[in-house]
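Reading through the structure tokens given below for one structure.
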Amino acid sequence: MQHGKYRFIAGFLVLPLAIYAIFVISPFVQAIYYSFTDWTGLSPDMKMVGFGNYARLFQDDIFWAAVGNSVTLLLLLPVVTLSLGLFFAFMLNVGGRRRKKAVIGGVRGSGAYKILYFFPQVLSIPIVALLFQFAYNPESGALNAFFQAIGLDTVQPDWLGDPQLALWCVMAAMVWANVGFYVVLFSAGMSSIPKDFYEAALLDGANRLNTFFRITLPLLWDTVQTGWIYMGILALDVSAFAFVQIMSVGPGGPDYSTEVLPLYVYQKTFRDGQAGYATSIGVSLLIVTLIFSAIVMRLGRRERLEF
């Protein structure tokens, strides 16, 4: 059986590896090549400019504004989304009142709550972005109407028109759209943790906060780490582009306060006809994503706990 084993394995790997190389590796290589040219994206004619596009990045104020906004999303979006997901999942599975036949349990109607939390996942990103855009409307939006209803007529901010508020409003929409997925994901993880762990901790005098940090979080750490990387990539990919493109003024405004790297790549390619420069921005985005993933994997490394 050992004879020809490697040829047998290679025979199964050739096709998937070829597909991966053609549709994944090849576009990356082409993008890196085009980043050294002045390609317009429309004409087959181009010439090499060396590191000219990358040198131009250091003098591009809009690029650095986009980097700052993308890094803000990268740092805060995973923290807020995963923290809310963990909190709601813990309350739904462990945070209920003690009952006669169980030391621990979730809140009543937790199944219905999970469906409600997951509902935003059913909606597409453009629909969610449009709903929040309508809610933020300073003239007829739900938020300002609510402030008027409770007597705060003087509090009528232009949510998406204020450079100090616009990015936070976009981030709130992204959190709302994604937190339900992590509630369900973490709930599935918590349901696999033996109830005996919680019962033993509670009988020893531990409160719910201690059980969360001593039992729940360590046993879910691998799931949290994966979610952290996924949310970080989401903050840098087409999801951030879609929310900013639909919700913001400009898009990317006001005053580039919501400009993010994916949107800037799109604008330079299709609006300005500077595909070569846009691919250099895309390569920079790739580097930021790889650095973020490496940092999360490094800082989040800990001994694997089994149960």
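The values are calculated or read from the model by the stated rules, or taken from the named source; none is laboratory data. Just so it is clear, the model here is predicted, and its values are computed rather than measured. Counting neighbours? That spans all protein chains shown, and the Cβs are built from the backbone with ideal geometry, glycine included. Side chains included, ligands, DNA and RNA excluded: accessible areas come from the protein's heavy atoms. Shrake-Rupley method; radii C 1.70, N 1.55, O 1.52, S 1.80 Å.
Within the stretch 206-231, residues that are among the aromatic types (Phe, Trp, Tyr) reach partners that are in a helix (DSSP H, G or I) and buried (at least 18 other Cβ atoms within 10 Å of the Cβ) with beta carbons closer than 9 Å, at six or more positions or on different chains, in the pairs PHE212/LEU86; PHE212/PHE90; TRP228/PRO78; TRP228/LEU82; TYR230/PRO78.
Conditions tested, residue by residue: (1) touching a helix residue (DSSP H, G or I) at 6+ places or on another chain (Cβ under 7 Å); (2) assigned to a helix (DSSP H, G or I); (3) under 25 Å from THR226 (Cα atoms); (4) without any contact (Cβ under 8 Å) to a residue 12 or more places away in the chain.
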{"site": "PHE8", "(1), (2), (3), (4)": "no, yes, no, yes"}
{"site": "ALA21", "(1), (2), (3), (4)": "no, yes, yes, yes"}
{"site": "GLN30", "(1), (2), (3), (4)": "no, yes, no, yes"}
{"site": "TRP39", "(1), (2), (3), (4)": "yes, no, no, no"}
{"site": "ILE62", "(1), (2), (3), (4)": "yes, yes, no, no"}
{"site": "VAL67", "(1), (2), (3), (4)": "yes, yes, yes, no"}
{"site": "LEU75", "(1), (2), (3), (4)": "no, yes, yes, yes"}
{"site": "GLY85", "(1), (2), (3), (4)": "yes, yes, yes, no"}
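Return the residues of the stretch 51-83 that are open to solvent by less than 30 Å² (accessible area, probe 1.4 Å) and more than 27 Å from the chain's Cα centre (by Cα); say none if nothing qualifies. Scanning the stretch 51-83 gives a single hit, ASN53. GLY232 falls short on exactly one of the conditions (1) surrounded by fewer than 20 Cβ atoms within 10 Å (Cβ to Cβ); (2) of a type outside the set (A, V, I, L, M); (3) over 30 Å from PRO194 (Cα atoms), and that condition is (1). Taken over the stretch 22-39, the criterion of being buried (at least 16 other Cβ atoms within 10 Å of the Cβ) and not charged (D, E, K, R) is satisfied by ALA31, TYR34, SER35, PHE36, THR37, TRP39.
Condition test on SER257, is it outside any helix (DSSP H, G or I), closer than 30 Å to GLY161 by Cα and hydroxyl-bearing (Ser, Thr, Tyr)? Spell out the reasoning first.
Values: outside any helix (DSSP H, G or I): yes; closer than 30 Å to GLY161 by Cα: yes; hydroxyl-bearing (Ser, Thr, Tyr): yes.
Spelling it out, SER257 is indeed outside any helix (DSSP H, G or I), closer than 30 Å to GLY161 by Cα and hydroxyl-bearing (Ser, Thr, Tyr).
Selection over the stretch 261-301 of residues that are charged (D, E, K, R) and either open to solvent by less than 30 Å² (accessible area, probe 1.4 Å) or touching a helix residue (DSSP H, G or I) at 6+ places or on another chain (Cβ under 7 Å) (or both) gives a count of 1.
Taking the conditions exactly as written (modelled with pLDDT of 90 or more and either in contact with a Pro (Cβ under 8 Å, 6 or more places away or on another chain) or not basic (Lys, Arg) (or both)), does VAL103 satisfy them or not? Break it down into steps so the answer makes sense when it comes.
Values: modelled with pLDDT of 90 or more: no; either in contact with a Pro (Cβ under 8 Å, 6 or more places away or on another chain) or not basic (Lys, Arg) (or both): yes.
Taking the combined requirement at face value, the residue does not satisfy it.
Meeting the requirement of 1 or more residues that are open to solvent by less than 50 Å² (accessible area, probe 1.4 Å) and under 26 Å from ALA235 (Cβ atoms), the helices (runs of 4 or more DSSP H) wholly within the stretch 108-208 are 110-122, 125-135, 166-191.
If we scan the stretch 216-233, do we find a residue that is of a type in the set (Asp, Glu) and outside any helix (DSSP H, G or I)? So far as the stretch 216-233 goes, no, none of its residues is of a type in the set (Asp, Glu) and outside any helix (DSSP H, G or I).
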